[in-house]
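The values are calculated or read from the model by the stated rules, or taken from the named source; none is laboratory data. Worth saying up front: this structure is predicted, and the values here are computed from it rather than measured. Here the Cβ positions follow ideal geometry from the backbone for every residue, glycine too, while neighbour counts run over all protein chains shown. Calculation scope for accessible area: heavy atoms of the full protein, side chains included, ligands and nucleic acids excluded. Shrake-Rupley method; radii C 1.70, N 1.55, O 1.52, S 1.80 Å.
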Amino acid sequence: MLSKKNKALAISMGIFLGLTGTSFAQSTSDTDKVSSENKVSVTDNENINANVNSFSDVPQDHWAYEALDYLAQHGVIEGYKDGTFQGNRTMTRYEMASIVANAMKSDKGDIGDKAVLNQLKEEFSEDLKQMQSQIDKNTSDISKLKEDTERFKISGFGRVSWDNDNIKGYNDQNDNNRFYLDLKGKFKVNDDWNFNFESETNQRYARYVTSNGDVQYHQGHGDEDGVIQRIWAEGNIDKLHVDVGRRWRGLGFQNVLLGNETDGIVLDYPLDNNGLKALAFYQKPTDAGYDFAMYGLGVQGPVSDNLQINLAYAQLDIDKSESPGYNAYVDGNPSLPNTFGSHGLVLSAMWNPMKNITLIGDYVLTNAEKEHIDEWASDGTRHIFDIDENTSKSIRLNYRWTNLNDPGSFQLYTRWFDYGRHGNIMGDEEWGLLKPGSKGWVFGFKYVPAKNIEWETMYEIADIYSGFYGEKDQQYKRDFIRTQVDFHF
C-alpha cells in the first residue's frame, strides 16, 4: 500500500493515470462525446470502481497500479461500462478537470497534499467553471424537455377478441370476432387543467345476426371508426374537481345504473383527506334517438381501510310516462317506450375482508312503470303479459388483481347477477355480456403473460328472456364464452 507520504503524490500520479501519452487533448464536441460515452461513475454503480481489479486492462504489475487503485477506491477516477480503464487513450482537459472535481469532493484530508489539490484546482478552475456551466445548462434543457414531453400524452389499448353466443333477438352473436382500438390523448393546459380526447375503432367481422334473425357476414365497420368521438376538459378550481364535455361515464362500481357515453358535467368535492368526495352531475346520453337528461348527487370513496362506497341518485327531466326519444333504426322513427322511469338509485360498495379477496356489490332501483305487452307469436298465439322488473343486482368476487407491470400476475373472479328488464337507465352491458332480463353467473380469469399485455377469458350461463317479437315472455338458457387479449400502451 502507499505510505502516507506517498499518498500526497497520488493525485499527481492521477494526472498521468498510467497513460503512455502525457499531452492533454483539446476538448471538442467529438472528443467530449468519446470521453463521456459509456462512462460509469461510482454513483451509478458503487462497486464498479471499488478497486482497480474492476478494470480488465490494468494489470497488477503496472507501475501505476497502486496509485490508480487508491484513486479508484476514493471515487476519483471512473471506469467504462465494458469494465476497462482505457489508460492508453489521450485525456481531455475536461476529463482532468472532472478528476480534480471528484478529488475535491472525496477528499477527507488523506488523498493528497492540500497544496497539490489547490494547485490543480487553480490550474483547472476555468475548466471546472465551464463544466459546471454546461451541467447547469444541460439540467435546464432536460427539465424543459421533460416538461414539454409531459404536456401531451397518448395512451390506450388494442383488443383482439372472440365470442360464441346463443343469445336470441340481439346483434353480435355466434362466433363474433372483434378488433378494437381505444386511443386516448391528454393535453396539459396548465398545472390545474387538461384537455382530453378519445378515439374508438371497433371493427366486427365474421358471423353477424340481426335482431330479426338474418345472418350476414363481414359487417360492422361503424361510420365513426377512427374518428375522435369524445372530447372533454378536466381540472380543478381550488378543491373543486370539474369534468365537462363528452366522454364515457358510469354510476356505481359496476356501472349497472349508468355506463354510457354522455354529454355533461360532473363536479366532485372532497369530504375528508382520505378520498371520500361528494358528486353533482348533469348528463345527457348520446345514443342515437335518445333525448333526455339526468341530474343528481352522489358520494364515493373510502369510508374505512377496507371499505369503499359509490352511491348516486339520478333524476330525469322527463316523466316516467314520457318517451325518452325515438327509434333511429326503424323506418318512421317510432317513439321509444320509457323502460326506466323518471329516476334511479344505485347503492354500490367494494369490500376487502381479507388479503387478495374483494367483494363488489351493486343494487339498482328505478321507478319504471309496468310495461304491458300484447303481441302475436309466429305460431298465431296471442301473448298478453306485464313486465314489472325495476331492480338490478350484481355481486362480484375477485381473488387477486392483475398488474400490467408484473408478468405472471393473475385474477380469478365470479359474478352473480340479476338484471331486471327495466332495472337500469343505460347500464354498461360490457359488449353484450350482461343483458337486461337475464339472471345467472359469470366465471372468468385474467392473466398477464408479458408486460402491458392482459389475457381474459370468461364464461356466462344465464336464464334470459328472448328478444324476438312474440317471444318476450319466454326464457331459455344462454351460454356465452369470450376470450380476448388487450395490448396496453
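Being at pLDDT 95 or above and either open to solvent by 70 Å² or more (accessible area, probe 1.4 Å) or more than 33 Å from the chain's Cα centre (by Cα) (or both) is a property that holds for Tyr363. I'd like to know if region 358-367 contains one or more residues that are assigned to a loop (DSSP other than H, G, I, E, B) and under 29 Å from His488 (Cα atoms). Taking every residue of region 358-367 in turn, none turns out to be assigned to a loop (DSSP other than H, G, I, E, B) and under 29 Å from His488 (Cα atoms). Within region 231-256, which residues are of a type in the set (Val, Ile, Thr) and either part of a loop (DSSP other than H, G, I, E, B) or at pLDDT below 95 (or both)? Result: Val256, single match.
Considering region 446-484, the residues that are of a type in the set (A, V, I, L, M, F, W, C) and surrounded by fewer than 16 Cβ atoms within 10 Å (Cβ to Cβ) include one that is nearest to the chain's Cα centre (by Cα), namely Ile453. Counting the residues of region 375-408 that are open to solvent by less than 70 Å² (accessible area, probe 1.4 Å) and part of a strand (DSSP E or B) gives 10. Applying the condition of being open to solvent by 60 Å² or more (accessible area, probe 1.4 Å) and of a type outside the set (S, T, N, Q) to region 266-276 and asking which residue is nearest to Gly427 (Cα to Cα) yields Tyr269. If you check Phe179, Phe197 for being among the aromatic types (Phe, Trp, Tyr), modelled with pLDDT of 75 or more and open to solvent by 40 Å² or more (accessible area, probe 1.4 Å), only one passes: Phe179.
Pairing each residue of region 359-371 that is under 16 Å from Gln254 (Cα atoms) with any residue that is aromatic (Phe, Trp, Tyr) and modelled with pLDDT of 95 or more, provided the two are 6+ apart or on different chains, yields C-beta distances under 6 Å for Leu359/Trp351; Ile360/Phe253. Looking across region 309-337, just one residue is assigned to a loop (DSSP other than H, G, I, E, B), open to solvent by less than 40 Å² (accessible area, probe 1.4 Å) and either over 19 Å from Tyr290 (Cβ atoms) or touching a Ser or Thr at 6+ places or on another chain (Cβ under 6 Å) (or both), and that is Leu336.
Residue by residue through region 359-387, note down the ones that are of a type in the set (S, T, N, Q) and within 18 Å of Ser466 (Cβ to Cβ). Listed by number, the residues that qualify are Ser378, Thr381.
Filtering region 246-265 to residues that are within 21 Å of the chain's Cα centre (by Cα), closer than 19 Å to Phe195 by Cα and not acidic (Asp, Glu) leaves Arg246, Arg247, Trp248, Arg249. For beta carbons closer than 6 Å, sequence separation of 6+ or different chains, a first residue in region 265-278 that is at pLDDT 95 or above and a second that is small (Gly, Ala, Ser), the qualifying pairs are Leu267/Ala280; Tyr269/Ala278; Leu271/Ala278; Gly275/Gly301; Leu276/Gly301; Lys277/Gly301. Residues in region 144-166 that are open to solvent by less than 70 Å² (accessible area, probe 1.4 Å), among the polar types (S, T, N, Q) and over 30 Å from Lys477 (Cβ atoms): how many? Adding up the residues that qualify gives 1.
Tell me, yes or no, whether region 209-219 has at least one residue that is within 24 Å of Pro285 (Cβ to Cβ), part of a loop (DSSP other than H, G, I, E, B) and either small (Gly, Ala, Ser) or at pLDDT 90 or above (or both). Checked against the condition, which is being within 24 Å of Pro285 (Cβ to Cβ), part of a loop (DSSP other than H, G, I, E, B) and either small (Gly, Ala, Ser) or at pLDDT 90 or above (or both), region 209-219 yields at least one hit.
Checked against (1) touching a residue at least 40 places away in the same chain (Cβ under 8 Å); (2) assigned to a strand (DSSP E or B), Asp287 passes all but a single condition, namely (2).
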